[in-house]
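Worksheet: the structure to be examined is printed underneath.
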Amino acid sequence: MGIWQILIIGIGLSLDVFAYCLYKGAMISEIRKGNLAKLIGIFAGFQMGMVVVGGAITMIPAIRRSYLSANRLWNAIAAVLFLGLGVWMIAKSFRKKYRKIEEQVDDRFNIRVVIFWAFMTSLDALIAGLGFGLLSIELWVLAVMLGVITAATVIAGVFAGYRLGCGPMNRFVTVGGCIVIIGGIDVLARYLSLAF
């Protein structure tokens, strides 16, 4: 798997974070650098941590022996993980309760709420970490790339929400899901071509 494929999937994963930060940016009366730095640290930390945990699960000796002996099968499973993750993100963006948002100013920085949402938006990074681990991608490369992408996404999301409101939030989650599906199709096509 090439760097650009990792980058595409990373961008797709980060659009979930972008949607939350768009929402958060739409609710504040001014952008405070300290709060923005906290958002970056928390979201990037969770995304990086979850992708490493997902990849580390594939390093468990019994799992590693299994996927090294049946490499093609596990590569196909990795592609299916990415495809399923994309479909899940798209389905999540169409949920009724997720779509209805009332914008009102709220300048409080509730660390518990931010940590909850950082955890929730990083669950897909855990699944992606499993997929990347099955493809034997270096975990530190994944973590650094996802951390940088997430930091940029948080900044862009907060500023876009501050300027535009949170109307387009669900569309970004849908686009993110589509990008992850494209990455999954690419992984599947690559490993199917190697199999035949």
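Readers should treat all values here as calculations from the given coordinates under stated rules, not as data from a laboratory. All values derive from a computational prediction rather than experimental measurement. Reconstructed Cβ throughout: ideal geometry from the backbone, glycine too, with neighbour counts over all protein chains shown.
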| How much length, in nm to one decimal, is gained on full extension between Ile77 and Glu138, taken as 0.36 nm per residue of separation minus their Cα-Cα distance? | 20.1 nm
| query | Once phi is turned into ³J(HN,Hα) by the Karplus curve 6.51 cos²θ - 1.76 cosθ + 1.60 with θ = phi - 60°, what whole-Hz value does each residue of segment 39-50 show in order, with x for glycine and proline? | reply | 4, 4, x, 5, 5, 5, x, 5, 4, 5, x, 5
| note | Note, segment 154-159: 3J(HN,Hα) by Karplus (6.51, -1.76, 1.60, θ = phi - 60°), whole Hz, Gly/Pro = x, goes 4, 4, 4, x, 5, 5
| remark: Label model pair Ile8, Ile111: point-to-point distance (7 angstrom along the Cα→beta-carbon line) in nm is 4.0
| field | Net charge contributed by nearby residues that have their C-beta within less than 11 Å of Ile9 (K/R +1, D/E -1) | value | -2
| said: Can you tell me the length gained on complete extension of the stretch Phe94 to Leu164, counting 0.36 nm per residue apart and subtracting the Cα distance? | reply: 23.1 nm
| message | Whole-Hz ³J(HN,Hα) for each residue in segment 134-150, computed from phi via Karplus 6.51 cos²θ - 1.76 cosθ + 1.60 with θ = phi - 60°, x for glycine and proline: what do you get? | response | 5, 8, 6, 7, 4, 5, 5, 5, 4, 4, 5, 4, 5, x, 5, 4, 5
| query | Using a simple spin-label model with points 7 Å from Cα along the Cα→Cβ vector, what separation in nm is obtained for Ala156 and Val53? | reply | 2.6
